[in-house]
Amino acid sequence: MPDHTDRTSGDWGPETLRAALEAAAEWTVDYRQRVGELPVFPAVEPGGVRRALGDRPPREPQSFERVLADFDEHIASGLTHWNHPGFLAYFSSSTRAPSIVAELLIAAVGVNAMLWRTSPAATEVERTSVDWLRQAVGLPASFSGVILDTASTSTFTALLAARERAGTAVRTDGLAGGPSLAVYTSEQSHSSVEKSALAAGLGHRAVRRIEVDDAFRMRPEALETAIAADLAKGVRPAMVCATVGTTSTASVDPVEALGAVARRHGVWLHVDAAYAGPAAMVPEQRANFRGWETADSIVLNPHKWLGTSLDCSVLLYPEAAPFRASLALTPTYLESEDDETNLMDIGLALGRRFRGLKLWVLFRCVGTDGLAETLRRHIAMAEAAAARLVDGGVFELAAPVSFSTVCFRAAWAGDQATGDRWNREIMARVNAGGRSFLSHTELGRRYVLRLSVGSVHTEERHLDEVLDALHRAADELSPGEPG
Ligand code: PLP
């Protein structure tokens, strides 16, 4: 591979770039073919990768060939392979091939979509792809939105708008001296809701963790009681956050009923559908989303289950005005006469990546039918895996199967500590095998294993493999003694 850095620009010339792209493309295609043979979790000790990278930056340019070889040897070998077909932990995700190519194009043009005029097409592609997503998940045309980095940022941004709508004048006066505010979310919601409250200056104590029913869904009557109690104390409710697809069990809060409570009290309703949102593309799953069209804001992450690369989180809303009211601020040097939306007005960041392109490329290259079919397949695989787990008699479900997520544990009639230890050891044994990767959670104070299907690479045989590994580990490890 040629290795000339242009002495004037300090950048590669076209031949060097072409050769590097070809080498990176070759590596990428090869990696995608062999990732299933690699251990999902790398065999590295903490600090090992850093040591291999060396202490000091090189003063002289090195060839990309060498850099790529080191990437392969020291970096790729130290990755947890999210694109491994046996990756079933957390909310498993994967990068669909078109999104890889889109990332290349995004980097190639390297635009900043802060204002319409700083890259008109970037703003318009983002608005188009968000609208295509809105249509695909069946939300009304009144909804529009932006693409942010993560669901945590989207929920935080929604809370800032909700805080302003709650009648506070935080934008002008700050929080000091204002009313106490409260945020309502279920015991099962993601920590990003709590973190948003911390970041928005509401404080930890402002978060009301509302009780759930035995299927881990927020109870509307408990929400009503909590809001009424706060109002009686002079606390102002700022936001209700319902979740469709909670982090542990993928349970679905009754959004319609919770929305009715929120509306009765004039409280902002945010729906966290970060994981499960894309499933609204599947007609048989639509009922899970009933009522979300009444929300003031919704977050769903194409980077979780739709197959875009991280990061791509879509924040949707029927009205942009509250978002602008909370954060829009245009210094003279960013003023422009164009009427088109300036997406920097929604949210904290000024600089904005051209994320819309990867969603647009995905829609173009896969199509909504193809995307829905993958989601449907994942849900069917998870349901079949759950049925087989229970059939074996060793494992029991710890929660109803929801979307593509299964919570289970090896059933143990003895004391809880022993049962928990057994389950922990089973998971460690399966993960150590390198063929599958599961994660855990806690439900009803008991240690629970989770399996979530979300990768385009996962096939039936990978679920066969993990089920075999689970049964083998349960057989080999005795619940009575440490393994
Ligand atoms: N909401 C839910 C339901 C989640 O499960 C997660 C993460 O898994 C998040 C929000 C946070 O997502 P992000 O990493 O995009 O901030």
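The values are calculated or read from the model by the stated rules, or taken from the named source; none is laboratory data. Keep in mind the model is a prediction, meaning the values are calculated, not measured. Cβ atoms come from the backbone with ideal geometry, glycine included; neighbour counts cover every protein chain shown.
Data table
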{"quantity": "Condition met for GLY54 (under 28 Å from SER455 (Cβ atoms), among the small types (Gly, Ala, Ser) and either modelled with pLDDT under 95 or in contact with a helix residue (DSSP H, G or I) (Cβ under 7 Å, 6 or more places away or on another chain) (or both))", "calculated": "no"}
{"quantity": "Residue under evaluation THR330, criteria (1) free of Cβ contacts under 8 Å to residues at least 40 places away in the same chain; (2) of a type outside the set (Lys, Arg); (3) buried (at least 22 other Cβ atoms within 10 Å of the Cβ); (4) away from the ligand (no atom under 16 Å from the Cβ), criterion not met", "calculated": "(3)"}
{"quantity": "Only one of LEU159, LEU133, LEU139, LEU175 that is assigned to a loop (DSSP other than H, G, I, E, B) and either surrounded by 19 or more Cβ atoms within 10 Å (Cβ to Cβ) or within 16 Å of the ligand (Cβ to nearest atom) (or both)", "calculated": "LEU139"}
{"quantity": "Hits in the range 3-49 (condition: among the charged types (D, E, K, R), at pLDDT 95 or above and within 18 Å of SER77 (Cα to Cα))", "calculated": "GLU26, ASP30, ARG32, ARG34, GLU37"}
{"quantity": "Leading residue by the ranking (nearest to the chain's Cα centre (by Cα)) among those in the range 182-191 that are more than 17 Å from TRP268 (Cα to Cα) and either within 11 Å of the ligand (Cβ to nearest atom) or buried (at least 19 other Cβ atoms within 10 Å of the Cβ) (or both)", "calculated": "HIS190"}
{"quantity": "Number of the condition not met by THR150 [criteria: (1) of a type outside the set (D, E, K, R); (2) surrounded by fewer than 22 Cβ atoms within 10 Å (Cβ to Cβ); (3) more than 23 Å from SER326 (Cβ to Cβ)]", "calculated": "(3)"}
{"quantity": "Failed item, numbered, when CYS241 is tested on (1) more than 17 Å from ARG165 (Cα to Cα); (2) within 11 Å of the ligand (Cβ to nearest atom); (3) crowded, with 24+ Cβ neighbours inside 10 Å", "calculated": "(1)"}
{"quantity": "Matching residues in the range 163-213 - criterion: being of a type in the set (Lys, Arg) and over 17 Å from ILE227 (Cα atoms)", "calculated": "ARG171, LYS195"}
{"quantity": "Any chance LEU357 is over 17 Å from ILE106 (Cα atoms) and part of a helix (DSSP H, G or I)", "calculated": "no"}
{"quantity": "Any hit, the range 309-317, residues being of a type in the set (Phe, Trp, Tyr) and not in a strand (DSSP E or B)", "calculated": "no"}
{"quantity": "Condition met for THR118 (more than 30 Å from PHE289 (Cα to Cα) and among the hydroxyl-bearing types (Ser, Thr, Tyr))", "calculated": "yes"}
{"quantity": "Qualifying residue in the range 280-287 (condition: among the hydrophobic types (A, V, I, L, M, F, W, C), within 16 Å of the ligand (Cβ to nearest atom), over 21 Å from GLU194 (Cα atoms) and part of a helix (DSSP H, G or I))", "calculated": "yes"}
{"quantity": "Complete set of residues in the range 204-233 that are outside any loop (DSSP other than H, G, I, E, B) and touching a Lys or Arg at 6+ places or on another chain (Cβ under 6 Å)", "calculated": "ALA226"}
{"quantity": "Conditions (1) under 30 Å from ALA321 (Cα atoms); (2) touching a Ser or Thr at 6+ places or on another chain (Cβ under 8 Å): number failed by LEU350", "calculated": "(2)"}
